[in-house]
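The values are calculated or read from the model by the stated rules, or taken from the named source; none is laboratory data. Owing to the predicted nature of the structure, the values given are computational and were not obtained by experimental measurement. Cβ sites come from the backbone with ideal geometry, for glycine too, and all protein chains shown count toward neighbours.
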Amino acid sequence: MDSRPEIARAAADAAARQSYGKLVAYLAARIRDVAGAEDALADAFAAALERWPQTGVPEKPEAWLLAVARKRSVDAIRRRLTSEAGRDHLRLIAEEIEARMADEDLPDDRLRLMFACAHPAIEAGVR
């Protein structure tokens, strides 16, 4: 039986016990978001449990976790900024559409709809 997953889990557990607080503090000081730092570090630990059994435990597990957590936090910040920029853009589009709709009268297609529904090609029971 391969003991690599057990070794990887033990290394991740040791890193969590010994360095979790220090890593969260370091990340939170850099990104100014404690919850974001914890989320990024949790993602880094999940990545470690997935990758370390295959590649082996790195020489400096805490440095590996920190590097992955920093990348994850940068990705999260980028996603948030992109989402906020997109939201503003969508709001402008919605305002433009509303302005157009206010200027134009909506066409009344009720008569066309009634003729379409009464078309002889439609089965009588469905009409």
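Overview of values
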| read-out | value |
| --- | --- |
| Breaking point among (1) modelled with pLDDT of 80 or more; (2) farther than 17 Å from R32 by Cα; (3) of a type in the set (D, E, K, R), for R78 | (2) |
| Output for segment 23-75, where each listed residue is hydroxyl-bearing (S, T, Y) and within 23 Å of R9 (Cβ to Cβ) | T55 |
| Which numbered condition S73 misses (of (1) polar (S, T, N, Q); (2) more than 16 Å from the chain's Cα centre (by Cα); (3) surrounded by 10 or more Cβ atoms within 10 Å (Cβ to Cβ)) | (2) |
| Output for segment 1-51, where each listed residue is under 27 Å from the mean Cα position of the chain (by Cα) and among the polar types (S, T, N, Q) | S19 |
| In segment 50-70, residue nearest to R32 (Cα to Cα) [restricted to those that are basic (K, R) and either surrounded by 13 or more Cβ atoms within 10 Å (Cβ to Cβ) or touching a residue at least 40 places away in the same chain (Cβ under 8 Å) (or both)] | R70 |
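Here's the yes/no breakdown for (1) over 19 Å from E59 (Cβ atoms); (2) modelled with pLDDT of 90 or more; (3) not charged (D, E, K, R):
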residue	(1), (2), (3)
S3	no, no, yes
R9	no, no, no
A12	no, no, yes
A16	no, no, yes
S19	no, no, yes
V24	yes, yes, yes
A28	yes, yes, yes
A35	yes, yes, yes
D39	yes, yes, no
